[in-house]
Protein chains: 2
Amino acid sequence: MDTALPDILHQHVTFDDGLMLECGQALGSLTVAYRTYGRLNADCSNAILICHALTGDQYVAETHPVTGKGGWWDLVVGPGLSIDTDRFFVICSNVLGGCMGTTGPRSPRDGGEGLWGTDFPPVTVKDMVSAQKRLVEHFGISRLFAVIGGSMGGMQVLQWAASYPDMVFAAVPIASAAYHSAQNIAFNEVGRQSIFSDPDWQAGRYWQGDKVPARGLAVARMVAHITYLSEEALTRKFGRRVRGAQSLPGFADMFEVESYLRHQGSTFVRRFDANSYLTITRATDYFDLAEEYGGDLRAAFKGTRTRFCLMSFSSDWLYPTAESRSVARALNGAAANVSFVEIASDKGHDAFLLDEPDFHRALAGFLAGCAEHAGLP
Amino acid sequence: MDTALPDILHQHVTFDDGLMLECGQALGSLTVAYRTYGRLNADCSNAILICHALTGDQYVAETHPVTGKGGWWDLVVGPGLSIDTDRFFVICSNVLGGCMGTTGPRSPRDGGEGLWGTDFPPVTVKDMVSAQKRLVEHFGISRLFAVIGGSMGGMQVLQWAASYPDMVFAAVPIASAAYHSAQNIAFNEVGRQSIFSDPDWQAGRYWQGDKVPARGLAVARMVAHITYLSEEALTRKFGRRVRGAQSLPGFADMFEVESYLRHQGSTFVRRFDANSYLTITRATDYFDLAEEYGGDLRAAFKGTRTRFCLMSFSSDWLYPTAESRSVARALNGAAANVSFVEIASDKGHDAFLLDEPDFHRALAGFLAGCAEHAGLP
């Protein structure tokens, strides 16, 4: 298995004053890697921040420098698309703790030798948002026209709207939730244990040698990938189809779904760092927005003037519609301006990344309405 | 981690003429380990065969010799219980491929040195049933009053009813399905990959040394365990409760659900063999009863006189009610005598092992009715 995550110089900005984290530890220096699309207008009013999901990154709408594949939101972000780069200035940065250029476990350790590795401090979704805020201010933007993201990206959107309401004109959390459920935590924990169990993990110090915990990380990806798809989607894609003609070939590849999962696992390890996976899954598990506000999610949005559009997918069992609905209810309770769209889809959680015309139309429509309210040309 | 699976002499019978398997390979010798409860009546008409689930075994209603815990169906099988051992003679055998005494990967290899290990031939649910049939005939029983089982046990029940209809007066497949779905296969495959990834697995030859792939098997158990519980059950049991008082303790135990899963994983490896886990999960993935009958499940039950009671649990997402319903529909299509009960429960797949009075009453009621039809005293 090819396991080297290539070192690439990503477009970035470094803040030498670092970042204070929620855990109380300060990062001495903060680098944020990012990509932008479209042009920022003269009054800096047309910026959209996109927040990526667990294993996404800043390469939203262009060829990925590691995989050579298209951007993860090529269907949504671009000229004339739902997030129209002819009209909006789109920013996406790699999350804090990530492995595509933003400060994380693969970064040089503060005031020490070598890399952070597993000693990288625990970060939270709120820390991720703090880092993004630095980048946004670096661009001279005092108010984002919109903050948009799916899955863990949606958690960041909610955190943005709660922490910096005056900086967010519109917020679109997609296929997301205001906290991680016991089941969400349980699946993440299986992935972490799988990494911990790989002897090549070497208690997190694998970066000192030439091996990475590829097998553990691949299994983590496999189990996560199952949760991204609905049972219907798996059945439609694979059913019980068998590779080759053998009927009982022992433990070799047999069912197509197995071969697909193995492929997902083995390609993932070429583009992702195991310690980043540990750090970021932990951040999602910590997430519980209401807790920050005394257990009342309405309090997180008290007095907000942000316009919200919550979107969920009917067959998403990782972040089911009910969780978006409860956020919508809290927003209603806070007298916020909120709309809520459940998209009928049998594709599961991953639907937000796939060709779902109803979703794309709803997103475009909401942004068009908000642009009118914001007085954007 | 204590990893030795103790060698115990289980009650058993050995058939020296072996068993021909579906894969075409023959086992030279077949040992079936079993337990019985209650007394077989004079005309051998009161026998109930219980088929255990993936990681169950023959210790249905007594202290388990390895774990020292109670039997896995202590709530269902016993004097005066739903499966009343004052009235019925209950048999349960360890499945073919298992690790509690029946021939499997831990058995001595045919005509060679050492154990089978991963060279144990692939077995199917139908092979498991063939082995059980030998045991039943050994007792002089020509017709079982009932065959009952949950989960993989339910698959065996369906196979019994299809393959040996005249030997099954009543059949109760619980929380089961007539085939493994792509999602079922996918979760099993994650578990297998986790075992394969453990260097202590040693390509299946770990039995030659003093290590077992405990970490890989533990992760396999963890992911499986999540699928046995509903999201509601996980939330009720654990929610987001944190162990201890730390708020962001890095990667140490944090959420109670994590600690619970780790415990599930680490205790499992003390009572189960990794190669058996591979063999038996494979058998469930192969299972597709309709395929044996030209793709038409009704044909599997053509002309049957067996009385069926299908039972499912509303919150079971591993073998959802819809799968039991489609079996019921096929049975109706075959003009079989069938009743179907969906038990309202928020406990998920594991509900068939738990304190579910509605389930216990329904089972007792069905058996009482069948006993009347069978003319049992």
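Of the residues making up the stretch A:151-190, those that are away from chain B (no Cβ under 12 Å) and aromatic (Phe, Trp, Tyr) are A:160, A:164, A:169.
Is it the case that residue A:303 is modelled with pLDDT of 95 or more, surrounded by fewer than 16 Cβ atoms within 10 Å (Cβ to Cβ) and at negative phi? Answer is no for this residue. Yes or no: the stretch B:34-53 includes at least one residue that is more than 14 Å from chain A (Cβ to nearest Cβ), out of contact with any helix residue (DSSP H, G or I) (no Cβ under 6 Å at 6 or more places or on another chain) and under 26 Å from residue B:222 (Cβ atoms). No, there is no match, as no residue in the stretch B:34-53 is more than 14 Å from chain A (Cβ to nearest Cβ), out of contact with any helix residue (DSSP H, G or I) (no Cβ under 6 Å at 6 or more places or on another chain) and under 26 Å from residue B:222 (Cβ atoms).
Scan the stretch A:151-164 and give yes if some residue there is more than 15 Å from residue A:303 (Cα to Cα) and not in a helix (DSSP H, G or I), otherwise no. Yes, some residue in the stretch A:151-164 is more than 15 Å from residue A:303 (Cα to Cα) and not in a helix (DSSP H, G or I).
Yes or no: the stretch A:150-165 includes at least one residue that is within 30 Å of residue A:304 (Cβ to Cβ), crowded, with 24+ Cβ neighbours inside 10 Å and not assigned by TED's automatic domain parsing to the domain that holds residue A:315. Steps first, answer last, please.
Filtering the stretch A:150-165 down to residues within 30 Å of residue A:304 (Cβ to Cβ) leaves A:150-165.
Remaining after also requiring crowded, with 24+ Cβ neighbours inside 10 Å: A:150-162.
From what is left, the residues that are not assigned by TED's automatic domain parsing to the domain that holds residue A:315 are none.
The answer is no; no qualifying residue exists.
Are any residues in the stretch B:302-341 of a type in the set (A, V, I, L, M) and within 14 Å of chain A (Cβ to nearest Cβ), and if so, which ones? Walk me through how you get there before you give the answer.
If we filter the stretch B:302-341 for residues that are of a type in the set (A, V, I, L, M), which is where we start, we get B:310-311, B:318, B:322, B:327-328, B:330-331, B:334-336, B:338, B:341.
Result: B:318, B:322.
The residues of the stretch B:277-301 that are away from chain A (no Cβ under 13 Å) and out of contact with any Phe, Trp or Tyr (no Cβ under 7 Å at 6 or more places or on another chain), listed by number, are B:293, B:294, B:296, B:297, B:298, B:301.
Scoring residue B:296 on the criteria (1) crowded, with 17+ Cβ neighbours inside 10 Å; (2) more than 22 Å from the chain's Cα centre (by Cα) leaves a single failure, condition (1). Restricting attention to the stretch B:75-91, the residues that are surrounded by fewer than 23 Cβ atoms within 10 Å (Cβ to Cβ) and outside any loop (DSSP other than H, G, I, E, B) total 3. Given the criteria out of contact with any strand residue (DSSP E or B) (no Cβ under 6 Å at 6 or more places or on another chain), more than 21 Å from residue A:318 (Cβ to Cβ), within 10 Å of chain A (Cβ to nearest Cβ) and surrounded by fewer than 20 Cβ atoms within 10 Å (Cβ to Cβ), does residue B:200 qualify? Taking the combined requirement at face value, the residue satisfies it.
Yes or no, residue by residue, for (1) under 20 Å from the mean Cα position of the chain (by Cα); (2) in a helix (DSSP H, G or I):
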| site | (1), (2) |
| --- | --- |
| A:176 | yes, no |
| A:189 | yes, yes |
| A:193 | no, yes |
| A:201 | no, yes |
| A:212 | no, no |
| A:215 | no, yes |
| A:221 | yes, yes |
| A:224 | yes, yes |
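Out of the residues in the stretch A:37-65 meeting the condition of being touching an Asp or Glu at 6+ places or on another chain (Cβ under 9 Å) and of a type in the set (Gly, Ala, Ser), tell me which one is nearest to residue A:101 (Cα to Cα). Going through the qualifying residues, I end up with A:61.
For the stretch A:344-361, the criterion of a residue being farther than 30 Å from residue A:219 by Cβ and crowded, with 16+ Cβ neighbours inside 10 Å is satisfied by at least one position.
For the stretch A:18-56, filtered to residues that are without any contact (Cβ under 8 Å) to a residue 12 or more places away in the chain and assigned to a loop (DSSP other than H, G, I, E, B), the residue that is nearest to residue A:212 (Cα to Cα) is A:24. Residue by residue through the stretch A:8-19, note down the ones that are surrounded by 13 or more Cβ atoms within 10 Å (Cβ to Cβ) and within 27 Å of residue A:292 (Cβ to Cβ). If the condition is that a residue be surrounded by 13 or more Cβ atoms within 10 Å (Cβ to Cβ) and within 27 Å of residue A:292 (Cβ to Cβ), then A:15, A:18, A:19 are the ones that fit.
Taken over the stretch B:1-17, the criterion of being of a type in the set (Ser, Thr, Tyr) and assigned to a loop (DSSP other than H, G, I, E, B) is satisfied by B:3 alone.
Scanning the stretch B:108-133 for residues that are more than 18 Å from the chain's Cα centre (by Cα), charged (D, E, K, R) and away from chain A (no Cβ under 12 Å) yields a total of 3. With the checklist (1) without any contact (Cβ under 8 Å) to a residue 60 or more places away in the chain; (2) away from chain A (no Cβ under 14 Å); (3) closer than 19 Å to residue B:177 by Cβ in hand, flag the one item residue B:344 doesn't pass. With (1) without any contact (Cβ under 8 Å) to a residue 60 or more places away in the chain; (2) away from chain A (no Cβ under 14 Å); (3) closer than 19 Å to residue B:177 by Cβ applied to residue B:344, the lone miss is (3). Has the stretch B:215-231 got at least one residue that is more than 9 Å from chain A (Cβ to nearest Cβ), surrounded by 16 or more Cβ atoms within 10 Å (Cβ to Cβ) and more than 30 Å from residue B:171 (Cα to Cα)? Yes, some residue in the stretch B:215-231 is more than 9 Å from chain A (Cβ to nearest Cβ), surrounded by 16 or more Cβ atoms within 10 Å (Cβ to Cβ) and more than 30 Å from residue B:171 (Cα to Cα). Just one residue in the set A:328, A:322 is among the small types (Gly, Ala, Ser), surrounded by 15 or more Cβ atoms within 10 Å (Cβ to Cβ) and assigned by TED's automatic domain parsing to the domain that holds residue A:176; that residue is A:328.
Could you check the stretch B:107-120 and list, in sequence order, the residues that are touching a strand residue (DSSP E or B) at 6+ places or on another chain (Cβ under 9 Å), outside any strand (DSSP E or B) and surrounded by fewer than 19 Cβ atoms within 10 Å (Cβ to Cβ)? Across the stretch B:107-120, the qualifying residues are B:109, B:110, B:114.
The values are calculated or read from the model by the stated rules, or taken from the named source; none is laboratory data. Keep in mind that this is a model prediction, so the values were computed, not measured. Note that each Cβ is placed from the backbone with ideal geometry, even for glycine, and that neighbours are counted across all protein chains shown.
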